[in-house]
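What follows is one structure encoded as structure tokens, with my remarks underneath.
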Amino acid sequence: MPRTYDYDLFVIGAGSGGVRASRVAASYGARVAVAEEHRIGGTCVIRGCVPKKLLVYGSHFAEELQDAAHYGWTVERTSFDWPTLRDRVLGEVDRINEAYTATLESHGVERFLERATITGPHGVRLASGREVSARTILVATGAWPVLPDFPGADACITSNEVFHLPSLPKRVVIQGAGYIAMEFAGIFNALGCTVTVVNRSEAILRGYDESLRDRLLQITMARGIQYRFNCPIERIDKAGECYSVKLEGHDAFDADAVLIATGRRPNTKGLGLEAAGVALGEKGEIPVDDQSKTSCDSIYAVGDVTNRVQLTPVAIREGQAFADTVFGNAPVTVDYGCIPSAVFSQPPLAGVGLTEGQARNKFGSIKVFSSDFRPMKNVFAGRQERGLYKLVVDAATDKVLGLHMIGPEAPEILQAAAIAVKAGLTKADFDATVALHPSMAEELVLMR
Ligand code: NDP
């Protein structure tokens, strides 16, 4: 006899992956509920991609205002007010949060704004004490910033708090040199703060093409960002509003804010996964098969909690594929090949496919084409900063294996070009396309 359940699907976590899975499953006729302990929208909407990008836009005006005189504008008495930008950004977050909530509502998805834990293969307990059952459970609880283990780490902020700073700190120390570190280093630097990036290794943005990373390092150093490499933080002491930062082997120095950006750990602690026999990986992630199913047949997981690729559009794809497969009777597996990504540093960088190093290791014989140029708008404004585009090509087949770019609007340009790389086009196909002049993107079809 088939058991009856309160819901066909219970989703834990209303972030990018969970919301997509909930509404698509509901549109297939499933009875769906979702629990969220923070706010609907998850990291991307509430404390990640969206507010971060708005801060990037906001801070970028500094550059535009500096350059404006070269274009004939007289801009007098400029000033910047952090609370205005902060509150407008938080207002936009509220608007999107409401839009996400409305989407769930219009699809008939029941919402519980409280923590949920798993009690068994089909059981969920809500923080209020209510117990519910579901034929299928989807864990989409995302990830959470990792705080390193040094005295004083608790007094620092993470990307969760940075959007709520009461005032703009004059001196900011950022630990880590990955996505979040480089993006906030750019934001704070543009807003006039003194920024020091402290990393445990000598690299920034591990995984991105080396020449682009070097270029970003040079440009950001010229813009005034200071770097301390191979420098673990020994301790941090907070006195009033001031932080004393002690790096191993260095004298202590003062800062007004310390942002920790040393990676994010899957959110599985205390979720009760053991009760349902769901196996966990070494970093607390939930290992899943190519249909996002965990080691328990009725429990699935998508997004950052699986630690596959910690990117919003990937979580959305996984949520969609899960709902199509389990409720739409249309099995889909997510294709993880050629995922484009970008760092919204200043200037931004973006890449898709293999880096030069990866391609050399995998294919041996490759050709690298590059364009190292000063964008017209920089030349005119007297800015020395140069863009760098790089095409990595398989020597045997002429297929473009990777495309990497740093320069103004690189993420916007790369998203379109990524279609060509994903489609497996050749260098000859790029060359056969007539340039769109004058643009920065035309460099893509003019590399010889
Ligand atoms: P990242 O993994 O990008 O970078 C982590 C940084 O912290 C690295 O510089 C690393 O050093 C350093 N680090 C790691 N562990 C420690 C430790 N125990 N002690 C000291 N330093 C350490 O993490 P982020 O926190 O910046 O971002 C988390 C994830 O969020 C990213 O992986 C990304 O997937 C996602 N994200 C994506 C964005 C985008 O798409 N634009 C924007 C923001 C976040 P090293 O590498 O030198 O060893």
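Flag: Val305 does not match the condition of being in contact with a helix residue (DSSP H, G or I) (Cβ under 8 Å, 6 or more places away or on another chain), in contact (Cβ under 8 Å) with a residue 40 or more places away in the chain and of a type in the set (A, V, I, L, M).
Count of the range 414-440 residues, restricted to those that are farther than 21 Å from Pro375 by Cβ and either in contact with a Gly (Cβ under 8 Å, 6 or more places away or on another chain) or buried (at least 17 other Cβ atoms within 10 Å of the Cβ) (or both), is 5.
For the range 13-59, residues that are hydroxyl-bearing (Ser, Thr, Tyr) and over 22 Å from Val332 (Cβ atoms) total 3. Residues in the range 48-95 that are part of a helix (DSSP H, G or I), farther than 23 Å from Glu409 by Cα and not acidic (Asp, Glu): Trp82, Pro83, Thr84, Arg86, Arg88, Leu90, Gly91, Val93, Arg95.
The rows are residues; the columns are (1) β-branched (Val, Ile, Thr); (2) at pLDDT 95 or above; (3) within 30 Å of Phe163 (Cβ to Cβ); (4) in contact with a helix residue (DSSP H, G or I) (Cβ under 7 Å, 6 or more places away or on another chain).
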| residue | (1), (2), (3), (4) |
| --- | --- |
| Val11 | yes, yes, yes, yes |
| Arg20 | no, yes, yes, yes |
| Arg23 | no, yes, yes, yes |
| Ser27 | no, yes, no, no |
| Glu36 | no, yes, yes, no |
| Ile40 | yes, yes, yes, yes |
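For Arg125, the stated conditions hold: it is surrounded by fewer than 23 Cβ atoms within 10 Å (Cβ to Cβ), more than 9 Å from the ligand (Cβ to nearest atom) and among the basic types (Lys, Arg). So which residues in the range 89-126 are under 25 Å from Gly29 (Cβ atoms) and charged (D, E, K, R), if there are any at all? Those that are under 25 Å from Gly29 (Cβ atoms) and charged (D, E, K, R): Glu105, Glu110, Arg111. Residues in the range 373-390 that are outside any helix (DSSP H, G or I) and surrounded by 13 or more Cβ atoms within 10 Å (Cβ to Cβ): Phe373, Arg374, Pro375, Ala381, Arg383, Glu385, Arg386, Gly387, Leu388, Tyr389, Lys390.
For the criterion of being loosely packed, with under 14 Cβ neighbours inside 10 Å and under 30 Å from Ala301 (Cα atoms), Asn361 fails.
Summed over the range 212-257, the residues that are part of a loop (DSSP other than H, G, I, E, B), closer than 26 Å to Gln346 by Cα and more than 16 Å from the ligand (Cβ to nearest atom) give a count of 3. Check the range 31-52 and report whether any residue there is surrounded by fewer than 19 Cβ atoms within 10 Å (Cβ to Cβ), free of Cβ contacts under 8 Å to residues at least 60 places away in the same chain, among the small types (Gly, Ala, Ser) and out of contact with any Ser or Thr (no Cβ under 7 Å at 6 or more places or on another chain). So far as the range 31-52 goes, no, none of its residues is surrounded by fewer than 19 Cβ atoms within 10 Å (Cβ to Cβ), free of Cβ contacts under 8 Å to residues at least 60 places away in the same chain, among the small types (Gly, Ala, Ser) and out of contact with any Ser or Thr (no Cβ under 7 Å at 6 or more places or on another chain). For the range 399-415, the criterion of a residue being out of contact with any helix residue (DSSP H, G or I) (no Cβ under 7 Å at 6 or more places or on another chain) and β-branched (Val, Ile, Thr) is satisfied by no position. Identify, please: which residue in the range 259-275 is at pLDDT 95 or above and within 21 Å of Asp297 (Cα to Cα) and is, among those, nearest to the chain's Cα centre (by Cα)? Among those residues, the one meeting the criterion is Pro266.
When every residue of the range 134-149 is checked against the conditions, at least one turns out to be more than 30 Å from Val19 (Cβ to Cβ) and within 11 Å of the ligand (Cβ to nearest atom).
Taking first residues from the range 178-198 that are under 14 Å from Phe229 (Cβ atoms) and partners that are in a helix (DSSP H, G or I) and hydroxyl-bearing (Ser, Thr, Tyr), the Cβ contacts under 7 Å between residues at least 6 apart in sequence or on separate chains come to Ala185/Thr220. The one condition from (1) part of a strand (DSSP E or B); (2) touching a helix residue (DSSP H, G or I) at 6+ places or on another chain (Cβ under 8 Å) that Leu147 does not meet is (1). Taking first residues from the range 380-402 that are in contact (Cβ under 8 Å) with a residue 40 or more places away in the chain and polar (S, T, N, Q) and partners that are in a loop (DSSP other than H, G, I, E, B) and surrounded by fewer than 20 Cβ atoms within 10 Å (Cβ to Cβ), the Cβ contacts under 8 Å between residues at least 6 apart in sequence or on separate chains come to Gln384/Arg374. Among the residues of the range 176-192, the ones that are in a loop (DSSP other than H, G, I, E, B) and either surrounded by fewer than 23 Cβ atoms within 10 Å (Cβ to Cβ) or touching a Cys at 6+ places or on another chain (Cβ under 6 Å) (or both) come to 3 in all. Can you confirm whether Val24 is under 26 Å from Val124 (Cα atoms) and β-branched (Val, Ile, Thr)? Yes; evaluated as a whole, the condition is true for this residue.
The values are calculated or read from the model by the stated rules, or taken from the named source; none is laboratory data. These figures come from a predicted structure and were not determined experimentally. FYI the Cβ positions are ideal-geometry reconstructions off the backbone, even for glycines, and counts take in every protein chain you see.
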